[in-house]
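The block underneath contains the structure these notes are about, expressed in structure tokens.
The values are calculated or read from the model by the stated rules, or taken from the named source; none is laboratory data. These numbers were taken from a predicted model, which means no experiment stands behind them. Every residue, glycine as well, gets a Cβ built from its backbone with ideal geometry; the counts of neighbours run over all protein chains shown.
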């Protein structure tokens, strides 16, 4: 223990009371044994710091030390016990949980243990004590255009160290999905393999297509003629335009389905469907002939689509 | 040496701790002494924990809110350390063969 309390706190003799407080606080943070339970030397450091602070915090004892009346050992503290010495007791009532929590990932726990072993054994790449462990996983995020995620694509991400990493986006990658690139993470310990790069994918929204699981949905505008008479229309899908048959007498809002034209994920047996939600679109000003025809039709109550609207839904 | 302490024992043992603070720490449930017939009964772990609370509140000026956060984290830290120690102990009892298998399984992940 240094005999000079100023030295122990890393201060000069001209330090103000505020300097002393600040230096002491900083050292408590880095040296308090209870905040650093794995640091065997923390207790000795903290003892020296606390003893030095005891002298310097009080202007009287500080003045006496400065005058040479007491020495740096003058304020030896009584021995005390630290919480960390009790914290691991099996009957510790402050223990947060016992045994293994539900959320503990055994992989993480094992990897951490072996990493620590490798470090303690020198961590210079030699397999200390026969142990080796994979390196740490490194996490990245990547925003992917909608169609690239649906159809699969190749892209590159630039890592913080300037290196580029080729990433294969598999067909049908979902928003929030994490891709694992083996061996592209941190270097291994003790001769162990490199860790993995974990890439969390955000899928950008598309102005036309929407994704529901493996199904793709889009709203397809049709004319009143196509709705009444039926017919073939050309519609986009994620794999390019296709012909879609509209049955005669199709209402707005009806959903047509092309099976197997949705997302084809490698892991699912059957691809999703392409769904078309039809929307009848009129010209803002119907042409005169149609207008006249509808106006000339006799009024009839034979068809009222609202007749049963509230049936069974009164409450 | 007894390992049970009364409230007065605790106040005497930790000179910088006031009775008001002690009551505050108990009310905030930072310290959970047993209740005996004649009042609170403290154990050694409670005294060590009170020393830590004094370091944090007096020396680092943490208020009750910050104290609660720090204490929760310290308790979690110790829980994690205990789990790790348990696993390390368990691993040390295994044969080299089994440990090698575990390492392989980890590498496969």
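Values as computed for the structure displayed
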read-out: The one condition in (1) surrounded by fewer than 11 Cβ atoms within 10 Å (Cβ to Cβ); (2) touching a helix residue (DSSP H, G or I) at 6+ places or on another chain (Cβ under 7 Å); (3) within 23 Å of residue A:30 (Cβ to Cβ) that residue B:3 fails to fulfil; value: (3)
read-out: Residue count for segment A:31-49, restricted to those that are in a helix (DSSP H, G or I) and out of contact with any helix residue (DSSP H, G or I) (no Cβ under 8 Å at 6 or more places or on another chain); value: 3
read-out: Pair list, Cβ under 8 Å, 6 or more apart: segment B:76-91 residue more than 19 Å from residue A:93 (Cα to Cα), other residue assigned to a helix (DSSP H, G or I) and modelled with pLDDT of 80 or more; value: B:91/B:99; B:91/B:102
read-out: Conditions (1) surrounded by fewer than 16 Cβ atoms within 10 Å (Cβ to Cβ); (2) at pLDDT 90 or above; (3) part of a loop (DSSP other than H, G, I, E, B): number failed by residue A:219; value: (3)
read-out: Residues (free of Cβ contacts under 8 Å to residues at least 60 places away in the same chain and touching a helix residue (DSSP H, G or I) at 6+ places or on another chain (Cβ under 9 Å)) located in segment A:233-253; value: A:233, A:246, A:248, A:249, A:250, A:251, A:252
read-out: Where residue A:249 falls short, out of the listed (1) under 25 Å from residue A:143 (Cα atoms); (2) assigned to a loop (DSSP other than H, G, I, E, B); value: (1)
read-out: Segment A:8-59, residues that are in contact (Cβ under 8 Å) with a residue 40 or more places away in the chain, surrounded by fewer than 15 Cβ atoms within 10 Å (Cβ to Cβ) and over 41 Å from the mean Cα position of the chain (by Cα); value: A:13, A:17, A:59
read-out: Positions within segment B:30-75 being at positive phi and either in contact with a helix residue (DSSP H, G or I) (Cβ under 7 Å, 6 or more places away or on another chain) or crowded, with 19+ Cβ neighbours inside 10 Å (or both), in sequence order; value: B:39
read-out: Test: residue in segment A:222-231 that is away from chain B (no Cβ under 14 Å) and assigned to a strand (DSSP E or B); value: yes
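Let's see how each residue does on (1) more than 8 Å from chain A (Cβ to nearest Cβ); (2) out of contact with any strand residue (DSSP E or B) (no Cβ under 8 Å at 6 or more places or on another chain); (3) part of a helix (DSSP H, G or I):
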site: B:46; (1), (2), (3): yes, no, yes
site: B:51; (1), (2), (3): no, yes, yes
site: B:57; (1), (2), (3): yes, yes, yes
site: B:76; (1), (2), (3): no, yes, yes
site: B:83; (1), (2), (3): no, yes, yes
site: B:102; (1), (2), (3): no, yes, yes
